[in-house]
Amino acid sequence: MLPGALLKRAIEAIRASGGWLPFDRFMALALYEPGLGYYANASPKFGHLPGGPEGSGSDFVTAPELTPLFGHTLARQVAQALQATGTDEVWEFGAGSGVLARQVMEGLDALSVPLRRYTIVDLSGDLRERQRATLRAHEARVTWADRLPEQLSGVLLGNEVLDAMPVQLLVRLAGQWHERGVVLDAAGGLAWADRPTELRPPLEVDGSHDYLTEIHPQAEAFVCTLAERWQRGAAFFIDYGFPETEYYHPQRHMGTLTCHRAHRRDDDPLADLGLKDITAHVNFTGIALTAQEAGLSVLGYTSQGRFLLNAGLLDLASQAGTRENALMQKLVNEHEMGELFKVLCLAPEACAAGWTPLGFASGDRTHRL
C-alpha cells in the first residue's frame, strides 16, 4: 500500500509542477512526505541485519547502532563543549532510533556532567515513538521538537543528518549544464528529464566529458538558520563526504547520490518509493563556508577515526569486551568508517575562542576545506 500511495503523491506533485519536478523536491517527498516518506513511515531502518521474510530487519547501520563506544566517546567531546561554552543542553537533529542520545546521556552521567535537557529535533512521528521507548530511562531530561525555536543555546549533534537533506542534481551533457528532474513516462511511471540551467557546481569541473553531480542548497540553508538563532554552544556534524576539491573531482563523474535498502546500495531513487533511503555525500567545504558567511566559526574538521581517537576511544575500549573492540575497528579503520566519515565543528563566534575541541587536538584538516 505504501509505495503505491507515495507514487500517487509523486505523480500529483509532478503534474502540479507542470510535468517536471526538480529532484530536490522529489527527494523531499520520497523521504519526508507525512506518513509515507521513508523517514516518515513505520518501516524498520536502523540496525545490523537486513530484512527477513517479514521485512523486519534494517536497511543500514549507523555508528551508534554498531557499538556504544561511539556515543560514549562522543560524550567526552560533548562534556568538554558544554563546559567550554557555558551551556547545559544538547540538541540532536535526526536522532534515528534514539540510540546515540542514550549513549551520550550515559556517557555524560559517567563523567558526572550536569545536563538540564536533551532535545531531539525530528519530523517523524514513528521515529519519535521508537526514540521514546529507547530513552525511557532518561525521559525526565528528553524533549522533542519538530522545528527550531527562535533562539537556542547548547551543544548540537548531527550524525548522518546532512546527507539526508535533499540535493539538486546537475548534469553536464555535451558541454552544457542541465538540472535533472523527474517526469512521467509514456506508461505513467517515473523517469528522468533534464532542463538547461544557469546553476553550476561551486567549482568548475575540468574537462568536457558528461558529468553528474549534486549541489546542496537545503543543507546550506539549514546552517544559515542555525546561525540566525543559535546563541551559545558548539555543533558537531558527523557524516560521509569530502572537501570541495574532492567532491567535484573530474573523475567523480557519476556523482554521489545513492540508495540504501536491506544493507544493499543501488542508484535508482525512482524505484520503491518510501522503502529505501536516498542520500548524497556532504560537501564539507560548502557547509563550512556557508557557516562562516553566516557568522559562525569553524573549530575543526577531521576524519571520524582521528576524531574518536583524539576524544579517548582507546581508553574506553580498554574497558570493553572483545566484541566491542572488534566493532570499534569499523569506526576507525581507514577502509571502513574511519576515513569516509568526517567531523565538522562549528560554533557562534562568542564561543569560539579559548578552547580546542578534544576531537581535533591532532590531525585537524580545516586547512584542506
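The values are calculated or read from the model by the stated rules, or taken from the named source; none is laboratory data. Everything numeric in this text was worked out from a predicted model, so none of it was measured. Every residue, glycine as well, gets a Cβ built from its backbone with ideal geometry; the counts of neighbours run over all protein chains shown. In case anyone asks, the SASA skips ligands and DNA or RNA and just uses the protein heavy atoms, side chains included. Shrake-Rupley method; radii C 1.70, N 1.55, O 1.52, S 1.80 Å.
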So, with points 7 Å from each Cα along the Cβ direction, the residue 186-residue 326 label distance in nm works out to 5.5
Per residue, the convex hull enclosing the Cα atoms of region 75-143 spans a volume in Å³ of 75
Rounded to one decimal in nm, the spacing of the 7 Å Cα→Cβ label points at residue 336 and residue 252 is 2.4
Phi angles of region 272-278, converted by Karplus (6.51 cos²θ - 1.76 cosθ + 1.60, θ = phi - 60°) into ³J(HN,Hα) in whole Hz with x for Gly and Pro, give 6, 4, x, 9, 8, 6, 10
One would report the Cα pair-distance distribution of region 110-174, bin width 10 Å, in %, as 14, 41, 27, 9, 6, 2, 0
For region 144-183, the Cα-Cα pair-distance distribution in 10 Å bins from 0, as whole percents, is 18, 32, 22, 20, 9
Expressed in angstrom, Rg and Dmax over the Cα atoms of region 234-369 are 17.0, 50
Computed ³J(HN,Hα) along region 159-175: with the Karplus parameters 6.51/-1.76/1.60, θ = phi - 60°, integer Hz and x for glycine or proline, the list is 9, 6, 10, 4, 5, 9, 7, x, 10, 8, 9, 10, 9, 9, 10, 6, x
Rounded to the nearest 10, the angle in degrees between the Cα long axis of helix 125-134 and the longest principal axis of the Cα atoms of the chain comes to 30
Using the Kirkwood radius over Cα pairs of the chain, the Stokes-Einstein translational diffusion coefficient at 20 °C and 1.002 mPa s, in µm²/s and rounded to a whole number, is 100
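Is the shape of region 101-212 best called rounded, prolate or oblate, per the rule: a/c under 1.5 gives rounded, else a/b larger than b/c gives prolate, else oblate, with a ≥ b ≥ c the square roots of the Cα gyration tensor eigenvalues?
Working: a/c = 3.58, a/b = 2.29, b/c = 1.57.
Prolate.
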Between the Cα axis of helix 68-85 and the main Cα principal axis of the chain, the angle (0 to 90°, nearest 10) is 70
Taking Cα atoms only, helix 23-32 is inclined relative to the longest principal axis of the chain by an angle, in degrees rounded to 10, of 50
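When a/c is below 1.5 the answer is rounded, else prolate if a/b is larger than b/c, else oblate, so apply that to region 177-252 with a ≥ b ≥ c taken from the square roots of the Cα gyration tensor eigenvalues.
Working: a/c = 2.55, a/b = 1.54, b/c = 1.65.
It is oblate, given that a/c is not under 1.5 and a/b is not larger than b/c.
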Once residue 200 and residue 111 are pulled to full extension, the length gained, defined as 0.36 nm per residue separation minus their Cα-Cα distance, is 27.3 nm
Note: residue 15 to residue 266 extended length (0.36 nm per residue) minus current alpha-carbon separation gives 87.7 nm
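Scale the Cα Rg of region 253-324 by the rule-of-thumb value 2.2 N^0.38 Å and send over the ratio, two decimals. Let's see the in-between values first.
Values: Rg = 18.2 Å, N = 72, 2.2 N^0.38 = 11.2 Å.
This ratio for region 253-324 stands at 1.63.
Out of all DSSP beta bridges in the chain, what portion is antiparallel? Express it as a percent rounded to 5. Intermediate results must be reported in sequence, preceding the final value.
Numbers: 38 of 61 bridges.
Bridges in the chain are about 60 percent antiparallel.
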Once both label points are put 7 Å beyond Cα along the C-beta direction, the residue 128-residue 218 separation in nm becomes 2.0
Taking 171-184, 7-20 and ranking on average Cβ neighbours within 10 Å, highest first, one gets 171-184, 7-20
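Counting only protein chains, not ligands or nucleic acids, how are 339, 228 ordered by accessible area (probe 1.4 Å), most first? Let's see the in-between values first.
Details: 339 55, 228 145 Å².
I get 228, 339, largest accessible area first.
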Under a Gaussian network model of the chain whose springs join Cα atoms within less than 10 Å, the largest fluctuation of 64, 202, 357 belongs to 202
